[in-house]
Amino acid sequence: MSAQKLSNRRILIVATDGFEQSELLVPQQELTDLGATVHVASPKSGSIKGWDHTDWGQSVKVDLALSDADATDYDALVLPGGQMNPDALRLEPDAIALIKAFAAAGKPVAAVCHAPWLLIDAGLVKGRKVTSWPSVRTDLANAGGEVVDESAVVDRGIITSRKPEDLHDFVAAIASQLA
């Protein structure tokens, strides 16, 4: 892909402490490499700490407060997984409202691993083809999703992916929706 494929595109990543490190850092880097401007929003200010497989990982700078994030300022939303991160964010009314605002505006919403939990809470799964980490699939099916086991799935603006090993396909799917 061309380094300028996503120039003039703005992408928001929403996360908090406990995000799976690679699921934030890889999309952040690859989308930036494609020319996008990528910001991180969080309910926490300063920085947030990643989870790297079995222990705490790197910290990532927070660019703006979740309460200040506005879907009209961005072209797509990325939701990293990890168990702790989406479980905490699904209790944040601002996070759910923001996800709904992106979807209502017809902008891509991309969720990987455990992050499709947030799509369930935002009411965006019913009638859509989706994928996730295996332990989340029953929740997706119970929410009315058509669950498949594929590296990246796109259905009417909702992009889902299974795990860190699928991140390149996940980013490619995001890029294809924005190109």
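Tabulated data
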item: Anisotropy class of the stretch 1-65 from Cα gyration tensor, a/c 1.5 cut; result: oblate
item: Relative contact order %, the chain, counting alpha carbon pairs below 8 Å whose residues are six or more apart; result: 20
item: DSSP bridge orientation in the chain - percent antiparallel, rounded to nearest 5; result: 30
item: Long-range HN-HN contacts of Ala105 with modeled amide H, under 5 Å; result: none
item: Charge sum, other residues only, whose C-beta stays under 14 Å from Ala103's C-beta, Lys/Arg counted +1 and Asp/Glu -1; result: +2
item: Efficiency of FRET from Cβ geometry, Ala179 and His53, R₀ 41 Å, rounded to 0.05; result: 0.80
item: Rounded accessible area per residue of the chain, 1.4 Å, Å²; result: 43
item: Spin-label pair Lys61/Ala105, simplified geometry with 7 Å Cα→Cβ offset, distance in nm; result: 2.3
item: The stretch 123-165 shape via C-alpha gyration tensor axes, a/c threshold 1.5; result: oblate
item: Amide proton proximity set for Arg162, modelled H, under 5 Å, gap of 5+; result: Cys113
item: Neighbourhood charge, 9 Å Cβ-Cβ cut-off, centred on Glu150 and excluding it, Lys, Arg +1 and Asp, Glu -1; result: -1
item: Cα-projected label distance for Ser7 with Asp87, points at 7 Å along beta-carbon direction, nm; result: 4.4
item: Carbon plus sulfur fraction of accessible area for the chain, probe 1.4 Å, in percent; result: 46
item: Dipole moment magnitude, nearest 20 debye, the stretch 2-113 about Cα centre, only Lys, Arg, Asp, Glu C-beta charged; result: 260
item: Alpha-carbon Rg/Rh ratio, for the chain, with Rh computed the Kirkwood way; result: 0.92
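The values are calculated or read from the model by the stated rules, or taken from the named source; none is laboratory data. Because the structure is predicted, anything quoted here is derived from the model rather than measured. Here Cβ is always computed from backbone atoms with ideal geometry, including for glycine, and neighbour counts include all displayed protein chains. Just the protein is used for accessible areas: all its heavy atoms, side chains included, with ligands, DNA and RNA removed. Shrake-Rupley method; radii C 1.70, N 1.55, O 1.52, S 1.80 Å.
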